[in-house]
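Notes follow once the structure below has been shown.
Coordinate-derived values only; no laboratory data. The structure presented is a predicted model; accordingly, all values stated were derived computationally and were not measured. Cβ placement follows ideal geometry from the backbone for every residue including glycine, while neighbour counts extend to all protein chains displayed.
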């Protein structure tokens with residue numbers, strides 16, 4: 001049984017259809033990438049799954065139980081936790097306190113929460129910033145905070161929304177290592193990503209959205225050769241040129 | 001039936017007074033999201049001004065109310081420049097508390113200087129005149145005040161909609177930074193808006209001694225009622241404030257007459273709660 | 001954790017413990033003087049402000065309705081003594097519970113109102129309660145409740161000759177309220193409450209049930225405010241709607257906290273320690289000059305503090321500490337501590 005099942009989820013804003021009958025599953029222990037050009041509906045889908053707003057129609061299941069329409073705090077408590085694309089540090093609180101808020105989900109007693117928070121801060125390289133107010137930090141550190149905070153909730157499914165955006169290539173490499181470590185500790189990951197070099201190496205499977213519709217799904221190796229995907233990302237003209245070149249005998 | 005009509009008339013005339021007091025607050029709130037707790041104290045000060053001018057120099061409020069308007073325009077501008085300006089970026093509570101302090105200061109200054117005694121201005125031109133409309137008695141001072149309210153509110157509305165200055169004000173209200181990028185001096189807009197808001201209240205307070213007693217506590221209730229009118233009407237909506245004020249006036253009159261005078265305000269505040277829980281953004285709010 | 005942060009907390013704790021240790025000596029020194037009265041009021045106002053601080057400071061929900069809870073507590077104790085001839089304690093308890101219930105019933109719908117709308121709604125509620133109590137026969141209406149002579153002692157919370165009993169009671173109240181808040185600060189509830197203030201949606205994405213947290217904070221805040229009200233009526237020996245269920249009383253809760261520093265543990269105490277002496281001494285010295293002078297100064301002070309330092313006295317202290325710290329760091333040639 002899949003850890004997360006998204007079934008025919010549609011989200012409309014007035015007349016605008018942001019997600020159109022999207023369906024896919026995420027198996028426990030897997031890393032699934034959710035990719036697509038800008039405006040494809042990836043974050044909207046995330047918001048529906050995490051309960052930030054309800055889907056217009058369709059159903060969502062987490063670990064066998066239906067989570068469609070549940071408020072976000074309930075879904076988070078069940079073990080499906082997300083980060084935000086535009087980071088949302090709790091500004092008046094320190095980095096340490098931010099992570100503690102996450103840690104308290106499973107450690108009502110202060111000591112256990114403090115342990116978890118300390119671990120997550122170490123893991124994400126935030127020790128130097130622990131006592132700084134979260135609002136005053138550079139963007140890279142804020143992103144690490146976003147991740148550390150989510151990790152502190154000991155999620156079973158961690159949903160990352162464009163966690164690599166704005167990072168330098170060194171930072172991307174560190175982040176990838178971190179994600180691999182997280183997976184090794186048993187956490188399932190659903191990752192929205194824009195940067196191909198970031199998601200393709202680590203994802204087991206990739207789901208491609210475009211204009212709110214699921215275009216394709218499969219292992220990264222297949223997806224990059226899928227014509228519809230190429231067209232969606234790079235446009236018709238380029239795709240035809242690539243086709244022509246392939247047929248012409250030389251590789252693209 | 002006649003009593004009902006009388007009560008309704010009194011309520012509506014009172015409502016127009018509330019509208020006149022509220023329009024300044026609506027303008028200020030709509031443009032800079034500031035609740036001026038000292039709004040009622042502005043009314044009180046204008047009342048004292050025209051009272052003293054009338055009592056000491058025999059100037060009729062119909063004339064001195066313009067002095068009231070000017071005086072409070074200056075007071076409003078000063079309030080902005082010395083106090084409000086510094087609370088703009090900060091949490092909304094700052095402006096509210098700072099103006100509360102100002103209200104306390106102004107109220108007690110007048111209490112200290114003028115004693116808590118109720119003062120009534122007699123011998124004004126409008127005086128106690130009334131006329132009959134069927135079985136209904138129409139009080140002239142209140143009627144004139146209501147007409148004045150229509151004129152002032154109309155002028156403010158017209159200014160906002162049809163003058164260049166008004167458009168600059170609306171732009172600043174919607175997006176301060178964007179307005180600045182278009183070359184609008186938002187600092188000056190804020191200053192003038194506070195002044196204009198003050199001026200409207202100054203005129204209101206100016207004419208009120210014609211039929212209302214002047215005393216240091218008179219402002220507090222006006223503040224609360226102005227807040228209620230503006231909030232019920234909806235953030236930034238002058239027609240909303242007008243409609244809400246009329247509603248408040250009528251509900252207050254009906255509540256006071258048919259239930260008990262002490263429940264006048266229970267009805268009004270109850271109305272606010274009921275309405276705002278059904279429409280959290282007010283009648284016409286955006 | 002940063003060693004400096006620990007030091008600051010320890011110093012504060014030490015100061016509070018020191019104060020608490022010295023406190024019992026006070027009645028011996030100051031027996032029945034005006035000074036004792038001022039101290040009692042400081043402790044009472046600090047407790048009131050700290051109660052408000054729970055929902056207003058830490059929770060970030062500016063309520064101007066706390067006079068209602070204060071009043072319910074005062075009337076609870078007052079009714080027990082005056083109407084039913086009992087000890088005030090059961091009345092105080094009932095007052096606390098009623099206040100909590102009223103708080104939850106009112107806040108549940110009101111929390112969906114934003115900013116100014118919420119604040120105005122809380123004004124409206126105070127005014128409504130005020131009018132209702134004015135005409136309600138059972139609670140004494142406009143005349144309120146006047147205390148008869150009762151036996152002295154803790155059971156009746158009443159002392160006539162010496163203020164020492166009241167002082168110890170106020171001290172206990174203070175320690176209780178501050179202790180509760182200190183406890184919550186370090187535990188999950190405190191973190192969740194602050195998270196809701198810092199970003200409700202974000203907090204919810206981390207598993208925080210923001211509605212439950214806010215309602216719980218409101219209930220606790222109301223119950224503690226009611227307890228303060230019960231103490232007040234025992235000290236004041238009378239209560240009427242104008243005295244407790246008024247906007248002015250509500251503003252006391254807000255102002256003392258904000259002036260001291262909302263959302264901090266020491267803020268309410270600092271605010272009370274400054275405002276109460278100001279209020280009482282100006283009233284004593286200049287009350288005869290036509291009244292209101294203390295409030296003129298008070299009003300002026302509020303304007304200045306809110307404009308200059310919205311973080312209140314705590315903020316002023318922090319700024320001074322930072323400036324001193326920066327000087328010593330510069331002397332050591334160390335890194336800058338960041339902008340003020």
1/(1 + (r/R0)^6) with r = Cβ-Cβ of residue C:83 and residue B:187, R0 = 45 Å, i.e. FRET efficiency to nearest 0.05, evaluates to 0.15
Please report, largest first and rounded to whole Å, the three semi-axes of the ellipsoid equivalent to chain A, where each semi-axis is the square root of five times an eigenvalue of the C-alpha gyration tensor. 33, 22, 16
If I model a spin label as a point 7 Å beyond the Cα along the Cα-Cβ vector, how far apart are those points for residue B:161 and residue A:176 in nm? 6.2
Ellipticity estimate at 222 nm from DSSP helix runs (n ≥ 4, -39,500 (n - 2.57)) divided over the protein assembly as shown, nearest 500: -20500 deg cm²/dmol
Give me the extension gain from residue C:25 to residue C:101: residue separation times 0.36 nm, minus the current Cα-Cα distance, reported in nm with one decimal. 23.5 nm
Please check which bits of the stretch A:3-19 a label hung off residue A:228 would reach, taking the label as a point 7 Å along Cα-to-C-beta and the cut-off as backbone N under 16 Å. A:8-9, A:19
Between residue C:114 and residue C:142, what is the label-to-label distance in nm when each label sits 7 Å out along the Cα-to-Cβ direction? 4.2
When only Cα pairs under 8 Å and 6 or more residues apart are kept, what is the percent relative contact order across chain A? 24
For the residue pair residue C:300 and residue B:88, what label-to-label distance in nm results when each label sits 7 Å from Cα along the Cα-to-beta-carbon direction? 2.7
Using the alpha-carbon atoms, what tilt in degrees (0 to 90, nearest 10) does helix A:169-184 show relative to the longest principal axis of chain A? 70
How high is the relative contact order of chain C, in percent, with contacts defined as C-alpha pairs under 8 Å that are six or more residues apart? 29
Translational D in µm²/s for the protein assembly as shown (Stokes-Einstein at 10 °C, 1.306 mPa s, Kirkwood Rh from C-alpha pairs): 52
Length-normalised contact order of chain B in % [C-alpha pairs under 8 Å, at least 6 apart]: 38
By counting other Cβ atoms within 10 Å of each Cβ, how are C:79, B:12 ranked from fewest to most? B:12, C:79
Please figure out what share of the DSSP beta bridges in the protein assembly as shown is antiparallel and state it in percent, rounded to the nearest 5. 65
Taking the number of other C-beta atoms within 10 Å as the exposure measure, put C:162, C:47, A:65 in order starting with the fewest. A:65, C:162, C:47
Expressed as a whole number of Å, what is the distance separating the alpha-carbon centroids of the stretch B:227-286 and the stretch C:51-103? 28
Inter-part distance where the stretch C:142-205 and the stretch C:303-329 are each reduced to a Cα centre, Å: 28
Any chance you could list the semi-axes, whole Å, largest first, of the equivalent ellipsoid that the Cα gyration tensor gives for chain B, using √(5λ)? 30, 23, 18
Of C:303, C:274, how do they rank once you tally other Cβ atoms within 10 Å and put the fewest first? C:274, C:303
Can you give me the C-alpha center-to-center distance between the stretch A:5-36 and the stretch A:37-81, rounded to a whole angstrom? 9
Applying 1/(1 + (r/R0)^6) with R0 = 41 Å to the Cβ-Cβ distance of residue C:151 and residue C:185, what FRET efficiency is obtained, to the nearest 0.05? 0.55
Using a Förster distance of 56 Å, how high is the FRET efficiency between residue A:1 and residue C:324, based on the Cβ-Cβ distance and rounded to 0.05? 0.35
